[in-house]
Every structure is written in C-alpha cells, then in structure tokens.
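Any read-out appearing in this document is the output of simple, stated calculations on the displayed coordinates, not a laboratory observation. These numbers come from a predicted model, not from an experiment. When we count neighbours, we look across all protein chains shown, and the Cβ atoms used for this are built from the backbone with ideal geometry, even at glycine.
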Amino acid sequence: MKTITLTPDASGMVDWPTLSNDKKSVVTIGSFDGMHQGHQAVIRRVVELAKKEQSFSVVVLFDPRPALVHGYAAKNGGQEPPADMVDTQALTSMQERLRAIDKLGVDYTLIVHYTLAFAAKSYRFFLGQMVGKLGMRTLALGSDAAMGANRAGDVKAIENLALATGVFQLEVVDDRGPGETRVPANAQPVMPTGHGEPTDPLEGASKAERRAWSKKNQAKAMRAWSSTNVRYLLAHGRIQDANAILGAPHSIEGEVVHGEERGRTIGFPTANLGSDIAGYIPVDGVYAGWLVDGENRWPAAISIGTKPTFSEKTGLNERVVEAYCITEEWIDLYDHKVRVEFVGFLRPQVKFDGPDQLVDELKRNVEETKRLTA
C-alpha cells in the first residue's frame, strides 16, 4: 500500500495527486477510527470492486478526527485545535489504522489533514475533486455516511448527484451489523462495581423499560457497529462486547518505563506504560489480556488506575497502565514499545487492607486471565 499525506492550504484546497492518466479508482472516505467491522466491510467492498473493475482501491483518511476538530472549534471561538493536541477519544492511532487498512489489500491511502477550511467545502466540490483528480468512478460508503459543509452530503444527496452527473457510481455498503443500539448522550466512564464482565443494562428489558432507560440517560439511537458505541462500551468495562464490534481485541500501545516497582516486592513485577499511550484507554479496573512485543506475546493481567494529578497534554487525570506477564521466564521490556490487548474485565480497582489480601487477589486474577486467554 502506498501512503500519501496531504495538507490543505489556508483556503481548504488540497493538491490531490494524479494516481494514473489511464487507470480509474474506487474510493471510500472517512476517519475509520477503531477500524471496526463496519469500516472493514466498506473497505473490503472497495478492494473487491477495484479488482473487478481493474481500478485502484483508494481510502481517503481524515486526520485528526473531524469530531475533534469541530468539537474544539465549538468551544474555542472557531479555532483549530493545536497541532500537538492529544485526542483522548481516538480508539486507535493513525499507525494502527494504516496497518489494518494495509491488511485489507488497499492500493492507496491518502491521509488528509482535516481543517475547518477543508470541511467548509461543499460535498459537490469535494466529490468533483475525487472524480477529476483521483479518477474516481465508484464511491463506496456506509449507510449513514455524510460529508461536506454542514454534512449536507448524505447518502441520498450523493446518490442524486451520481445519477444527475453520470460521472461516478455510488455503492452503499451494509455496515450496520446487528442493527441499532442506544448510547447515552455525553456518557462518562463508569467503573463497574462487581467482578466479571459487565452485562448490557438493557438485556432482557421490556419496551417500556428500554424507553424509561433511554429517557433517563438521554440515549440516542445509533448503529451497533459504530466508533461511538465501542468507546461507550470500553468506558464501562464491557470489553467483550466492544471486541465483538471491532472483530479483534481492543489494544493500546506505549513504551515500557520504570515504575515504582511495588509489584516486584510482592512477586508480581509489571510492565508499566509511559504517559504517551496511543489508543483509547478503557475505564479503570483490572483486565485479562495480552502483552505483545514484536513476535512475542504473553497472557497478562492488566491494571488501569487514575492518579489524582492532571496531565498537561490532555487536561485529564493521569492514567497508569501496568501489565503483569504470566510467564516463567524473565523478560526485560524497558524502553520497548509494546501493545496491550484487552480480552475481558476482571474486577474494579479496590483498596486492600494489606499485602496478603492483595497477593491473594492477584493470584485469582492470574488464574482468571489464564482461563480467558486459553
């Protein structure tokens, strides 16, 4: 896969590359945060159509996420977010998204720096650029995609444009998965209070109970296969439900640094990730999962906790991620960049009366981790 990074000028214009003078392209567009099964369905269809039509398969990938740019502008007088701003709500890093797109067999990924001026262009103008510059003859989108100024370019509007101009076709991909779910508006992370993977609060609920819950939580209907839903599930410890949407274990990446080494004194040395972590950190708690270093992977009991201090980069409470690798061998991971994959929620963070109680609980966590990663 060839990757090209593009930055719009001050007026929002992009200097699109000419991919070929003869060969056409099948294109999809979006931020693809999380690369969940809905995203994968769209991109697989792009690759399938491109092979059938002997065209290039092209992903136009926005970075940073449009939600971050517009959200920051709304709170800061229409200003762009700072270049070094950390997107704490991004499910996956750009590198992780690119790896996933590459695995699906895409020919070109064009990373467009998303700016307010670029966003202000109409969808008609934008799609005209796709046709004229990239040779787009087919556009593949998910069922509720929207683009352009004020998101006026929804699927219906784009379909009408395609029919009216006759210069490209629209392929709408079924990316809805199991259908709709409801997610509370402005949902905040909530650590589960019990042991084991939390269940859906609406499981087994009647229609009346669902309506009452939705009203109480100001919940909005949305696709089950959506980045917003995955973020909500991770923020409530529902790892297995999130992974079912992602089609793979949710993961974060960071560099192993020296910690306070308290775990070593009680026989549970941990790999501590530094503060520069890529990927969405689930709610505080203890999890079962994997720690991956290159080709090596070990089952791991993972602890996530919150410090009372605030991060200068994010303005949020600092998070501490520690992974205890379940292995008989001694491994030195200091300064290694590792990936932590989450398989299931084990328990909330609790305060123990003494080290003996803590050790007993950690032993139970290790056995639960072995079971979930077997």
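Brief remarks follow.
- Extension gain, Ala73 back to Asp332 (0.36 nm per residue minus Cα-Cα distance, nm): 88.9 nm
- Listed by chain and number, the aspartates and glutamates placed with their C-alpha closer than 13 angstrom to that of Lys156 are Asp144, Glu171; residues fewer than eight positions away on the same chain are left out.
- Per principal axis, descending, Cα span of the chain in whole Å: 73, 52, 44
- Ranked by the mean number of other Cβ atoms within 10 Å of their residues, highest first, the peptides 168-174, 225-231, 88-94 fall in the order 225-231, 88-94, 168-174.
- Taking 0.36 nm per residue of separation and subtracting the Cα-Cα distance, full extension of the segment from Ser206 to Ser20 would add 61.3 nm.
- Scanning residues 5 or more positions from Val60 or on other chains, those with amide H under 5 Å from its amide H are Thr28, Ile29, Gly30, Leu110, with H placed 1.01 Å from N in the peptide plane.
- Debye log10 I(q)/I(0) for the range 1-52, one point scatterer per Cα, at q = 0.17, 0.28 Å⁻¹: -0.75, -1.17
- Here the Gaussian network model covers the chain, with springs between Cα atoms less than 10 Å apart; of Val131, Val59, Val321, Val131 fluctuates the most.
- When the C-alpha to C-alpha distance is required to be over 25 Å, the pairs from Lys2/Lys23; Lys51/Lys133; Lys337/Lys363; Lys313/Lys351; Lys23/Lys103; Lys75/Lys121 that qualify are Lys337/Lys363; Lys313/Lys351.
- Candidates Ser143, Ser55, Ser311, ranked by Gaussian network fluctuation over the chain, Cα under 10 Å, top entry: Ser311
- Between Ile158, Ile239, Ile43, the GNM of the chain built on Cα springs shorter than 10 angstrom shows Ile158 fluctuating the most.
- In this structure the amide hydrogen of Ser25, modeled in the peptide plane, comes within under 5 Å of the amide hydrogens of Phe56, Met136, Arg137, Thr138, none closer than 5 places in sequence on its chain.
- 5 Å binning of all Cα-Cα separations within the range 116-212, expressed as whole percents from 0 upward: 2, 10, 15, 15, 13, 9, 9, 9, 9, 6, 2, 0
- Computed extension gain for Ala157 through Leu6, at 0.36 nm per residue and net of the alpha carbon distance, reaches 51.7 nm.
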